Amino acid sequence: MTADSTPALVQNADADIDGRAPAGPSVARDARARNIKVYLQYVAAKIAGAVVSLFAVLVTSFFLFRLIPSDPVKQMTGGRRVSAEQLQSLRHQFGLDQPLWKQFTSYVGDALTGDFGTSFQFHSPVTDKITDTLPATLLLTGTAYVLYTALGIWLGTRTAWRNGSRSDRFNTAFALTLYSVPSFWLGLLLIIVFSVGIGPIPGMFPTGGLESGGETGLAYVLDVAHHLVLPVITLVAVGYAQTLLVMRSSLLDEMGSDYLTTARAKGLRDDVVRRKHAVPNAMLPTFTLMFVNLGHVVAGQILVETVFSWPGLGGLFYQALSVPDLPLVQGLFFVFATAVILANTLADVLYPLLDPRVGR
């Protein structure tokens, strides 16, 4: 029974009691119109919440990184002897001599137009620097995202459906172990074993970077793929473990439901019951997790990119934070937060289409 048909049936029953003619298709149309109105109000509320969150991130990104006990101008001089007049000139050039409230209003006004200022250390617009670095991050985290999402859902489904079996115990224990391991530590371990080489295992992969240089065409593609192997394995190992555990838990909750017992009683094969009935309902929590992780595809993985010297947004953020390069740090922080907020908002907007109980 659908949500749209219920009001019509109730009104038809009332009409029978009163001796009136049952309500016609117009009732169903009115119900659909009400549902659409409620859904649009729900979407508007989520978008409004996202806008408020983005403004809060904008404010936070300005004040948070100014708490760092470091002078950006002195860091840029690299410890060289610089006169007070030269330091003052640099502070004036980057607007650091202005009152804090004026720096804030200028920052917010420029950020709303997509201008995050000029990088202190690279002397180029922050927006250009982010745009140039973004493809490397999308290549790494996007590849890992597709792999660990597919692997986690597949293994999570199999382990839950065979709950208590030897494979279930092994996969669950292995996933819990990987999920608890810090990603940067796992990356360093892979570098030691498979890049440097240990015992009988020779060094087979580069220690870091995106490419070796000097390659073109197919050789360049293979070179980049060679550099991708270890960082992708690091991200997949942690990401698949999280997805597997969520999918397994969700499916276990569904397996005792009455509708699965009814489906089996009708003579449906076990794999059909799992594929067409149990898994679609168990996918709802995993669906949310997928969109949360999708936001982190843009945000990148700061520690993993730093460990593997990957020229992406994560590594760029680490470089900017070490100065600190305030315009670049603020711009990257806003981009990271925006990606996560937009991904979560998209999940909230699509969720009622999968589960009509949400947003009603």
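The values are calculated or read from the model by the stated rules, or taken from the named source; none is laboratory data. Values in this document were obtained by computation on a predicted structure and should not be read as measured data. Virtual Cβ from ideal backbone geometry, glycine too; neighbours counted across all protein chains shown. Calculation scope for accessible area: heavy atoms of the full protein, side chains included, ligands and nucleic acids excluded. Shrake-Rupley method; radii C 1.70, N 1.55, O 1.52, S 1.80 Å.
In a DSSP loop and with at most 12 other Cβ atoms within 10 Å, the trypsin sites (Lys or Arg not before Pro) in region 260-317 are K266, R269.
Computed in the context of the full set of protein chains, the accessible area of region 112-223 at 1.4 Å probe radius has 67% of its extent on carbon or sulfur. The label-point distance for L346 and Q319, in a model that sets each label 7 Å from Cα toward Cβ, rounds to 2.8 nm. Once both labels are positioned 7 Å from their Cα atoms along Cα-to-Cβ, the gap between I233 and L64 label points is 3.3 nm.
Remark: spin-label model distance T131-D253 equals 4.4 nm, labels positioned 7 Å along the Cα→Cβ axis. Taking amide H as placed 1.01 Å from N in the peptide plane, G209 has its amide H under 5 Å from the amide H of S309, W310, each at least 5 places away in sequence or on another chain. For region 287-298, backbone phi angles converted through the Karplus equation (6.51, -1.76, 1.60; θ = phi - 60°) give residue-by-residue couplings of 4, 4, 4, 4, 6, 4, 5, 4, x, 6, 4, 6 Hz, Gly and Pro being listed as x. Subtracting the Cα-Cα distance of R264 and A150 from 0.36 nm times their residue separation leaves 38.3 nm of extension gain. Rolling a 1.4 angstrom probe over region 261-308 with all protein chains present gives an accessible area of which 62% lies on carbon and sulfur atoms.
Figure legend: label point modelled 7 angstrom from the Cα of S124 along Cα→Cβ; residues of region 310-331 with amide N under 19 Å from it are 310-323, 325-331. For region 232-297, the solvent-accessible area of protein heavy atoms averages 46 Å² per residue (probe radius 1.4 Å; ligands and nucleic acids excluded).
Fully extending the segment from A56 to V224, taken as 0.36 nm per residue of separation minus the present Cα-Cα distance, adds 56.7 nm. 3J(HN,Hα) couplings calculated from phi for region 242-248 with the Karplus curve 6.51 cos²θ - 1.76 cosθ + 1.60 (θ = phi - 60°) are, in sequence order, 5, 5, 4, 5, 5, 5, 5 Hz; Gly and Pro show x.
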